[in-house]
Amino acid sequence: MDVEQVLHMNGGNGETSYAKNSTVQSNVISIAKSVTDEALQKLMSNTVMGSIGIADLGCSSGPNSLLPVSNIIDTIHAMCRDANTPMPELRVSLNDLPTNDFNYIFGSLSEFHDKLKRGKGSGFGPCFVSAVAGSFYGRLFPRRSLHFVHSSSSLHWLSQVPTDLGNKNGTEAITNKGKLYISKTSPQSVLKAYAFQFHNDFFEFLRSRSEELVPGGRMVLSFMGRNTSDPTAEESGWELMAQALMDMAKEGIIEEEKIDTFNAPYYAPWSEEVKMEVETEGSFAIDRLETMEIDWEGFVVEKSYKNKSESEAFSSGRRVANTVRAVVESMLQSHFGGNVMDELFQRFGGIVGDYIYKRTARFCNITLSLVRKA
Ligand SMILES: C[S@@+](CC[C@H](N)C(=O)[O-])C[C@H]1O[C@@H](n2cnc3c(N)ncnc32)[C@H](O)[C@@H]1O
C-alpha cells in the first residue's frame, strides 16, 4: 500500500465526509488544549517575539483543520494583551499528505481571517496561513523556521505498512490471518514488525522536527497509544472491523485472502516506547507525557462511567462507524473495492453497537509536550 497516495480522510462536506464526522477528534483537540496552552506560555515567557512560526501537522480537512490554530492564536493574543506586549507576526503552516482536500481549507480561510479581525480588532495581525503538502516523516520546513508544532490524532498513522507483512512476493512474508492489525492471534513476528516500523517512523519524525524548530521551540503531540506494554491487551476497533469483513467473506461477498493481505499502516505505541524513542533521538526534552482513557465517541472515561442502554449503544455504534468510515474508507476501498463499503460500515456499526452495549469501548490517548534542546 502506498500510504501517501491511499490514506486520506473523506473530503468535501457530504454525509460520509471527515468534515461532518470528526467530533471525536475535535474533542481530543480540546482535551489536550491545557497542555498546548501551558507549552505556549513557557515558549513565550520573558521573550518578546517579532514573528512566530507555527505548524499543525496532519491538519486534514473540515472544521478541525483550523481549530488548533485558532486556539493557539487565542492563547498568544491573550498572553500579549495581559503582558501589554505587541502581538508577533504569525506564520501558520497547515500540513497534510498531498491527497488531502486542501481546497476545503482554502475555502474557509476568508471566514477564518474575518473571525480573527472581528474577535481581536482590525489592528490584529498579520497572520499568514499557508499549506504544506508532504509526509511529516521527513523534512517539511526550512531549518530553524518554527517555534511551535502541534499535531493531533495523526501520529498513530505509520509511513507504510510494516515491511514483509502480507507481502506475498517475499519469501519472508508474514501473514496475520483474518486480522487487519495486531491481535491476540497474531504471531510475534507481526508484533515485532509493527513496533519496528513505529521506532523508525517516530525517530524520523523527531529528527526532521529537530532541524526545523528553533532551540527552545516546543511541540505538543497528541495521538492514539496504549497504557500497557502488551499490544494485544485491549481489543482495538480493527478487531471489530476484521470481524465484519470475515462475516462478509463467509457469505462470499469478499475473498478471505483479501483480509489476510490487508494490514493497517497504524500503530498505537506504549507510552514507554514513546519516551524511549524521544530519549534515543536525543534532540528533545520531555516536559509532559500524559495518557488518558477516552471512549469511542471522544469523551474522557470517568470512573463513574455507566454502560449504555441497548438502543443508546446501537446509535452510538452507528456514530462510531461514521467516524471510522470518514478516516479509513479510502484505504479499505482501494483494497476491498468501493462497492462493498456501505455494507461493510453498516455491519461494522452493528458489531460496534453490540460491543459498546457489553463494555466501555475505550482507547488510550497520549499527549506529549516536548522542548527542543539548545
Ligand atoms: C484523523 S486525521 C486528524 C486530523 C486533525 N488533526 C484532527 O484532529 O481532526 C489524521 C490526519 O493525519 C494525516 N496524516 C497521516 N499520515 C501523515 C503523514 N505521514 N504526513 C502528514 N499527514 C499525515 C492524514 O492524512 C489525516 O488527514
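I'd like to check something: does the stretch 143-158 contain any residue that is surrounded by fewer than 17 Cβ atoms within 10 Å (Cβ to Cβ) and over 24 Å from the mean Cα position of the chain (by Cα)? Yes, there is a match, as at least one residue in the stretch 143-158 is surrounded by fewer than 17 Cβ atoms within 10 Å (Cβ to Cβ) and over 24 Å from the mean Cα position of the chain (by Cα).
Restricting the search to helices (runs of 4 or more DSSP H) fully inside the stretch 1-115 and requiring at least 2 residues that are within 14 Å of the ligand (Cβ to nearest atom) and under 30 Å from Met331 (Cα atoms) gives 3-6, 23-31, 67-83.
State all residues of the stretch 335-374 that are assigned to a loop (DSSP other than H, G, I, E, B), within 19 Å of Gly317 (Cα to Cα) and not hydroxyl-bearing (Ser, Thr, Tyr); if no residue qualifies, say none.
In the first step, residues of the stretch 335-374 are kept if they are assigned to a loop (DSSP other than H, G, I, E, B); the result is 337, 359-361, 373-374.
This time we only want the ones that are within 19 Å of Gly317 (Cα to Cα), so: 359-361.
Those that are assigned to a loop (DSSP other than H, G, I, E, B), within 19 Å of Gly317 (Cα to Cα) and not hydroxyl-bearing (Ser, Thr, Tyr): Arg359, Ala361.
Can you work out which of the residues in the stretch 128-150 that are in a loop (DSSP other than H, G, I, E, B) and within 15 Å of the ligand (Cβ to nearest atom) is nearest to Asn200 (Cα to Cα)? If we take residues in the stretch 128-150 being in a loop (DSSP other than H, G, I, E, B) and within 15 Å of the ligand (Cβ to nearest atom), then Tyr137 is nearest to Asn200 (Cα to Cα).
Before we move on, is Arg209 under 18 Å from Lys275 (Cα atoms), in contact with a strand residue (DSSP E or B) (Cβ under 7 Å, 6 or more places away or on another chain) and either of a type outside the set (Lys, Arg) or modelled with pLDDT of 95 or more (or both)? Write out each step before concluding.
Numbers: under 18 Å from Lys275 (Cα atoms): yes; in contact with a strand residue (DSSP E or B) (Cβ under 7 Å, 6 or more places away or on another chain): yes; either of a type outside the set (Lys, Arg) or modelled with pLDDT of 95 or more (or both): yes.
So Arg209 passes the test.
Take the residues in the stretch 297-341 that are hydroxyl-bearing (Ser, Thr, Tyr) and within 16 Å of the ligand (Cβ to nearest atom); name whichever of them is surrounded by the most Cβ atoms within 10 Å (Cβ to Cβ). Filtering the stretch 297-341 for residues that are hydroxyl-bearing (Ser, Thr, Tyr) and within 16 Å of the ligand (Cβ to nearest atom), the one surrounded by the most Cβ atoms within 10 Å (Cβ to Cβ) comes out as Thr323. Exactly one residue out of Val320, Val327 is assigned to a helix (DSSP H, G or I) and in contact with a Ser or Thr (Cβ under 9 Å, 6 or more places away or on another chain), and it is Val327.
Residues in the stretch 80-103 that are modelled with pLDDT under 90 and within 23 Å of Ala32 (Cβ to Cβ) were compared, and the one that is farthest from the chain's Cα centre (by Cα) is Asp82.
The values are calculated or read from the model by the stated rules, or taken from the named source; none is laboratory data. Since this is a predicted model, take the numbers as computed values, not measurements. Note that each Cβ is placed from the backbone with ideal geometry, even for glycine, and that neighbours are counted across all protein chains shown.
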